[in-house]
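Below is one structure, written out as structure tokens, with a few remarks after it.
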Amino acid sequence: MTQASLPPSNARPRTVPRTDLIAADQTTAQMPAHERVYQQLRGRILFGEIAPGQAVTIQGLTVALDAGMTPVREAIRKLISEGALVFQGNRRVSVPQLDASSIEQITFLRKTVEYELARRATQQMNRTTIKRLQQIDAALDAAIATGDVGDYLRQNYQFHHVFYSQAQAPVLAGIADRLWLQFGPSLRVVCGRFGTQSLPDRHKDLLNALRSGDAEAAGQAIVLDLEQGMEQIAAALTRID
């Protein structure tokens, strides 16, 4: 999260290379069709390109993803099992809309799981990963400066994904990733309507903790980041309702 606002703009940041995302795109292109379609649809949900409550047809997704009916159906089934989609009937699916109870449960789980991931990742941290996290954070700042909400969301996710991968705890990281998939679309709505001027940024605090090897401080920085951010999401979604 960040304290700076995101003015409306479609500009892309030019000062920081987006090598992580480019590499991810190349990897996706080399995947089998069913996995590629899953990753593409998952990305659209995660970064809010399909809005919460927006119904989409299976046929429409085959066109949008330039894919066959079978891999699209497989991707939908998997995403429904992960809580990222709900079946609406008549060959339609939608991204769930979060309510107060859902936000409270997601916040509880995130605080538990991501705190532990942060502690473990700090204990396994190295200079190369810290440098990579600094680069991603700079790209995130560049997205804010140009008002690119989409790239802001991608860089923010990438920062946490790279950090948690360092923990070498795939079960915990998998849980965290599913939780991001559930609240990510709502975060896009919040950023798009209200900017992020009131959302705190704990990435700098986290990076300082990593440099000093302080696992507890890193865990606390993550908890404050996600806790205060989820509170703002809850408040913003209440205003939307």
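Sort 124-137, 39-52 by the packing proxy (mean of other Cβ within 10 Å over each peptide's residues), most packed first.
Values: 124-137: 15.9, 39-52: 19.4.
Packing order, densest peptide first, comes out as 39-52, 124-137.
Convert each backbone phi in the stretch 206-211 into a coupling constant with the Karplus relation 6.51 cos²θ - 1.76 cosθ + 1.60 (shift: θ = phi - 60°), then list the ³J(HN,Hα) values in order as whole Hz, x for Gly and Pro.
Each residue of the stretch 206-211 in turn: 5, 4, 4, 5, 5, 5 Hz.
Can you give me the accessible area per residue for the stretch 53-97, using a 1.4 Å probe, in Å²? Each step should come with its number before you reach the end.
Working: 2460 Å² over 45 residues.
Heavy-atom accessible area per residue stands at 55 Å².
So what J values fall out for the stretch 174-183 if you push phi through Karplus, 6.51 cos²θ - 1.76 cosθ + 1.60 with θ = phi - 60°, rounded to Hz, Gly and Pro as x?
x, 5, 4, 5, 5, 5, 4, 5, 7, 9
Please list, or write none, the aspartates and glutamates whose alpha carbon is within less than 12 Å of the alpha carbon of residue 111, excluding same-chain residues fewer than 8 places away.
225, 227
Could you grab the relative contact order for the stretch 55-141? Cα pairs under 8 Å, six or more apart, rounded to a whole percent. Display every interim value, and only then the final one.
Numbers: 41 pairs, mean separation 18.3, N = 87.
Value for the stretch 55-141: 21 percent.
Which peptide among 178-188, 55-65, 203-213 comes first, and what is the full order, when sorted by highest mean count of other Cβ atoms within 10 Å?
Values: 178-188: 21.7, 55-65: 15.4, 203-213: 17.2.
In decreasing order of mean packing, 178-188, 55-65, 203-213 become 178-188, 203-213, 55-65.
Can you tell me how much longer the chain between residue 123 and residue 109 gets when fully stretched, taken as 0.36 nm per residue apart minus their C-alpha distance, in nm with one decimal?
Numbers: separation 14, 0.36 × 14 = 5.04 nm, distance 2.16 nm.
My answer for the length gained is 2.9 nm.
The values are calculated or read from the model by the stated rules, or taken from the named source; none is laboratory data. Model, not experiment: these values are computed from the prediction. Note that we place each Cβ from the backbone using ideal geometry, even for glycine, and neighbour counts take in every protein chain shown. Keep in mind that these areas ignore ligands, DNA and RNA; they rest on the heavy atoms of the full protein, side chains included. Shrake-Rupley method; radii C 1.70, N 1.55, O 1.52, S 1.80 Å.
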